[in-house]
1. May I ask you to compute the full-extension gain from residue 90 to residue 154, defined as 0.36 nm times their residue separation minus their alpha-carbon distance, rounded to one decimal in nm?
2. Residue by residue through the range 222-236, which ³J(HN,Hα) values in whole Hz follow from phi under the Karplus form 6.51 cos²θ - 1.76 cosθ + 1.60 (θ = phi - 60°), with glycine and proline marked x?
3. Give the calculated FRET efficiency between residue 229 and residue 83 to the nearest 0.05, with a Förster radius of 30 Å applied to their Cβ-Cβ distance.
4. Tell me the angle of helix 187-196 to the major Cα principal axis of the chain, expressed in degrees between 0 and 90 and rounded to the nearest ten.
5. Enter the Cα centre distance for the pair the range 166-186 and the range 95-146, rounded to the nearest angstrom.
6. Full extension from residue 118 to residue 21: what is 0.36 nm times the residue separation minus their Cα-Cα distance, to one decimal in nm?
7. On C-alpha positions alone, give me the angle between the axis of helix 95-110 and the longest principal axis of the chain, in degrees, nearest 10.
8. To the nearest 10 degrees, how steeply does helix 2-17 sit against the main Cα axis of the chain, on a 0 to 90 scale?
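Just so it is clear, none of the values below were taken in a lab; they were calculated from the coordinates. Worth saying up front: this structure is predicted, and the values here are computed from it rather than measured. Cβ placement follows ideal geometry from the backbone for every residue including glycine, while neighbour counts extend to all protein chains displayed.
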Amino acid sequence: MAAASAAAAGLAARWLATPWLVWGVGPMAAVNAGFFLTAALLELLLATRLLDSDLLVYPANGAPAKRRDAALAATQEKIPFSKQLLTCLFIIAGPHAVANGASLTLLMRLAGAPAPAAWWPGDVLSAAWQLLAMAVVADFGLYWGHRVQHESKLLWQVHKVHHRIDTPSPFSTMYIHGLDATLQGGIPMALATLLIRPAPAILYISFGLRVAENALNHSGLDSRLLDFFTLKSLPFRAAAAHHDAHHKYCNHPKNARNYGETFYIWDVMFGTVNPRHGTRQGPPPKRVD
Ligand SMILES: [Zn+2]
Ligand SMILES: [Zn+2]
């Protein structure tokens, strides 16, 4: 027993002292664990139909609302579930993910970041601060990484891959071009890490939570119960409806709405919010061109 714990301590110390493990492999593992565990759990929750009453529906111009499962079936007819799953694997465990991990390692080395002394920050307050700061900076970066792809004709060619999903589901989150994932995920997370320099445990939790939230925002579940457990009930947090409406009404370049994912404040600040960003059920948001 003592030998096993000494070996574990040795491994942990070696991990902390090895930049490509701390900044490269760690975040990549956290993204894979955070995404696949959350997406699988949400898909399971959807399959049990326990939260059917919380599924978002959008009646179209007075016509009767199409049930979400019918809309979802139409999307999956266009892009089969197996293809979505394979794309998920390619995006978060494939060459783009490896390149993003290598880039973060290189960036931290170039910035002269010292090897972390410990896994955790000194106290709970520091941990909470680092988590919040990572979420704010990364979501600000995601907002612009997302918006620039709607604003630029060239980058829209990249982002329109993800917009083929008009009715999203958890595993469709990563049906996305690798460059898109880098612009909305890799670069913002790297900049946040560079700026905040969180302890490794906070870094991994931040990466895991980032993709877990992405999966929740694509589930179509706008549930008060889920909002409570996922802290979406807190002020300034974007409901699942925020990104769901983006898929429903913004499958076009220019003048899209609802770019942020964790917070809706960026959309309010920069004039891109759909006024009904937090709605649960109810009439569809007006498309603004
Ligand atoms: Zn978009
Ligand atoms: Zn999306």
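1. Values: separation 64, 0.36 × 64 = 23.04 nm, distance 2.29 nm.
This chain segment gains 20.8 nm when fully extended.
2. Values, residue by residue: 10, 9, 4, 5, 5, 4, 5, 6, 9, 6, 6, 7, 5, x, 6 Hz.
3. On the way: r = 31 Å, r/R0 = 1.02.
The value I calculate is 0.45.
4. Relative to the chain, helix 187-196 is tipped by roughly 50 degrees.
5. So the separation of the two Cα centres works out to 20 Å.
6. Details: separation 97, 0.36 × 97 = 34.92 nm, distance 1.42 nm.
Extra length available between residue 118 and residue 21 comes to 33.5 nm.
7. Taking Cα atoms only, the helix is inclined about 50 degrees.
8. 70 degrees
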